[in-house]
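The structure appears right after this line, and notes come after that.
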Amino acid sequence: MNTTIRDLRETAAPPSTPSRRSLVAMASVVLVGYLAMFATGTDLQYDAGMTKIRAAYDGSQGASQLSAYAGMAFVALLLFFGAALRTALRASGRTWLADVPFIGFAALGATIASWAVTDIAMWKAVDFGDDGTIRTLVTISDAGFLPLMAAMIAIYVGTGLVGMITGAVPKWLAIASLVIGVLAPVGPLGFVGALLLPLWILAVAICVRLDDAS
């Protein structure tokens, strides 16, 4: 009986892989969203003056909320892409490592979501004139890159290892992913992975091996 059940599981049809068109479409939207996030985001050091901080968050409540909602939609898109990539990586060979990039995208989404929450809290603190809370939030925001490093390691190294083991991505892309991922916790070099991420996502969407020709 157990043998029969095991045989049925092994012969069952594998889950469908995402189409190339879907992967590239999501990657393209991620690229646009990433550029918009960097173009509209604020980067304040913990020792920034109060005048500079107030000027950075001197916007309307509606604009602040709209930006936060757009950020949450961007986070959801990252999760969808992470799930699609995991399925595509699994299709090339069974390995638990295919789960690691998806977890990395989930961590990346949580990190970006925390930035949006901090921005909303900062806007309210500026609006209320609460200087103590403003200074606290700026200090927390300045350290917000730390979870980003962990996400970059999981995304890049996880995909690189899967590529080396199963050939799910070209060898050059797998090696490049490993190198970028290893640099993630190395001080200022960690931002290399963050800056290259949208282009890397697009490259993976184009190059990842799929079961079908879609």
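The values are calculated or read from the model by the stated rules, or taken from the named source; none is laboratory data. Every value quoted in this text rests on a predicted model; they were computed, and no experiment measured them. Because the Cβ atoms are built from the backbone with ideal geometry, glycine has one as well, and the counts that use them run over all protein chains shown.
Out of the residues in the range 164-175 meeting the condition of being part of a helix (DSSP H, G or I) and touching a residue at least 24 places away in the same chain (Cβ under 8 Å), tell me which one is surrounded by the fewest Cβ atoms within 10 Å (Cβ to Cβ).
Of everything passing the filter in the range 164-175, Ile165 is surrounded by the fewest Cβ atoms within 10 Å (Cβ to Cβ).
So in the range 62-79, with the set limited to residues that are surrounded by fewer than 17 Cβ atoms within 10 Å (Cβ to Cβ) and at pLDDT below 80, which one is nearest to the chain's Cα centre (by Cα)?
Going through the qualifying residues, I end up with Gln65.
When you check Ala151 against the structure, is it in contact (Cβ under 8 Å) with a residue 12 or more places away in the chain, in contact with a Leu (Cβ under 6 Å, 6 or more places away or on another chain) and outside any helix (DSSP H, G or I), yes or no?
No.
What number of residues within the range 187-214 satisfy the criterion of being at pLDDT below 80 and either surrounded by 18 or more Cβ atoms within 10 Å (Cβ to Cβ) or part of a loop (DSSP other than H, G, I, E, B) (or both)?
Here the count works out to 5.
Yes or no: the range 51-61 includes at least one residue that is surrounded by fewer than 18 Cβ atoms within 10 Å (Cβ to Cβ), farther than 17 Å from Pro18 by Cα and modelled with pLDDT of 80 or more.
no
Of everything in the range 165-206, what is touching a Leu at 6+ places or on another chain (Cβ under 9 Å) and aromatic (Phe, Trp, Tyr)? Give them in sequence order.
Phe191, Trp200, listed by residue number.
Can you tell me which residue within the range 22-40, out of those that are of a type outside the set (Val, Ile, Thr) and more than 13 Å from the chain's Cα centre (by Cα), is surrounded by the most Cβ atoms within 10 Å (Cβ to Cβ)?
Leu23
I'm trying to understand the selection: among the residues of the range 133-148, which are polar (S, T, N, Q) and either in contact with a strand residue (DSSP E or B) (Cβ under 8 Å, 6 or more places away or on another chain) or without any contact (Cβ under 8 Å) to a residue 24 or more places away in the chain (or both)?
Step one: list which residues in the range 133-148 are polar (S, T, N, Q), which gives 133, 136, 139, 141.
Thr133, Thr136, listed by residue number.
Kindly indicate which of Thr118, Thr87 is over 30 Å from Tyr57 (Cβ atoms) and of a type in the set (S, T, N, Q).
Thr87
Does Lys124 qualify as being farther than 25 Å from Ala63 by Cβ and among the basic types (Lys, Arg)?
When the stated conditions are applied, Lys124 does not pass them.
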